[in-house]
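Structure first, then comments.
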Amino acid sequence: MDTTHALDTPPTGATADWTVPQDWAHYKPEEHATWDTLFARQAKLLPGRASEAYLRGLDVLKLSKPGIPDFAELSDRLMKLTGWQVVAVPGLVPDEVFFDHMANRRFVAGNFIRRPDQLDYLQEPDVFHDVFGHVPMLADPVFADYLEAYGRGGQRAMQHDALNYLGRLYWYTVEFGLIQEPEGLRIYGSGIVSSYAESRFALDDPSPNRIGFDLARVMRTDYRIDDFQQNYFVIPSFDELLRLTVETDFAPLYEQLKAQPDIPVAAIVDGDDVMTRGTQAYALGKRA
Ligand code: PHE
Ligand code: FE
């Protein structure tokens, strides 16, 4: 999610809810080939790294079928599993539109795919990030409930002028979350699972901090959008994430957070459950 938007009315061709037809028939063979290249590379890397729920989703949704997935077909499968659908949008949409779709179990996905020279990195979410990164987790019943609750939480946070806090929760769970599974630490955040380099960095590199998840701590923490994260937060289970976020009334929490300073990206603070104290060598090396 991004809270800066160039447009505030739907672009031509879009409906009032900002959705557009995916227009699957119009993808060029080169575009399907880009998906296949990205898919093959990630699918090989993720067993033993991605959470079980993610790998199961990839499998049950048949995302290994060659080419960019057809959202209609994907939505049929997903609807039967958890009641979610995937709808196409031309790019970033306004927050209230994003939250309304989410609260109604519609996941908005970009319909364009990155160019062949952008395989490793791009700032705007494309269909590979959105579908390969996010959609498998929506096949998990608990995560599916979490994201719907998040959508309603977003509508509420807007009224409390607290989107910056709630946005960090999204960032450090949905986009860049880690989970402690019985077999070891695993990735489930879409920004990690869809990135060749970060899916290794997040688990193996000594640079970043890995800290046990704490709701207020996460919502106070800055993040970076331009490079690998300097902090990852580790949840014990999706059940626990759902329980914590649903059972906590965020309104008083927002008021407390507004009275406290934000926490800089790489800082360790009192009370942190530090699982890895990162060297920050990667980030420091870049600055030098
Ligand atoms: N319980 C949150 C609130 O009071 C809503 C929420 C649920 C937010 C799940 C995020 C995730 O606003
Ligand atoms: Fe994303």
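Any read-out appearing in this document is the output of simple, stated calculations on the displayed coordinates, not a laboratory observation. Computed from a predicted structure; not experimentally measured. Please note: Cβ atoms are built from the backbone with ideal geometry, for glycine as well, and neighbour counts cover all protein chains shown.
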query: Tell me, what HN-Hα J-couplings in whole Hz come from the Karplus equation 6.51 cos²θ - 1.76 cosθ + 1.60 at θ = phi - 60° for each residue of the range 133-141, using x for Gly and Pro?
result: x, 9, 5, x, 5, 6, 7, 8, x
message: If you average the alpha carbon positions of the range 265-288 and of the range 74-152, how far apart do those two centres end up, in angstrom?
response: 30 Å
field: Low-density loop cleavage sites - trypsin sites (Lys or Arg not before Pro) in the range 138-237, where at most 16 other Cβ are within 10 Å (DSSP)
entry: Arg224
Normalised contact order of the chain, rounded percent, pairs of Cα under 8 Å and 6 or more residues apart: 18 percent
field: Cα principal axis extents for the chain, largest first, Å
entry: 54, 41, 38
task: Can you run the Rg to Rh ratio on the range 8-94? Use alpha carbon positions and the Kirkwood inverse-distance Rh.
output: 1.01
- prompt: Which value at 222 nm does the chain reach when only helices count, each DSSP H run of 4 or more adding -39,500 (n - 2.57), with the total divided by all residues and rounded to the nearest 500 deg cm²/dmol?
  reply: -12000 deg cm²/dmol
task: Beta carbons within 10 angstrom, averaged per residue: use that to sort the peptides 123-131, 38-46, highest first.
output: 123-131, 38-46
- prompt: What are the residues whose amide H is under 5 Å from the amide H of Phe107, where those residues sit 5 or more places off or on another chain and H is modelled from the backbone?
  reply: Gln85, Val86, Val87
message: Give me, ordered by chain and number, the residues 5 or more places off Asp17 or on other chains with an amide H under 5 Å from its own placed amide H.
response: none
- prompt: Among Ala33, Ala139, Ala259, which one moves the most in a GNM of the chain with springs linking Cα atoms closer than 10 Å?
  reply: Ala259
field: Residue of Thr221, Thr248, Thr34 that the Gaussian network model of the chain assigns the largest fluctuation, springs spanning Cα pairs under 10 Å
entry: Thr248
- prompt: Taking the Cα centre of each part, how many Å lie between the range 178-193 and the range 230-258?
  reply: 17 Å
field: Those lysines that a straight Cα-Cα span of less than 25 Å connects to Lys62, excepting residues fewer than 8 apart in one chain
entry: Lys28, Lys44, Lys80
task: Show the residues, 5+ positions off or on another chain, whose built amide H is closer than 5 Å to the amide H of Phe233.
output: Leu178, Ile211
message: Percent of Cα-Cα pairs more than 25 Å apart in the range 68-205, please.
response: 27 percent
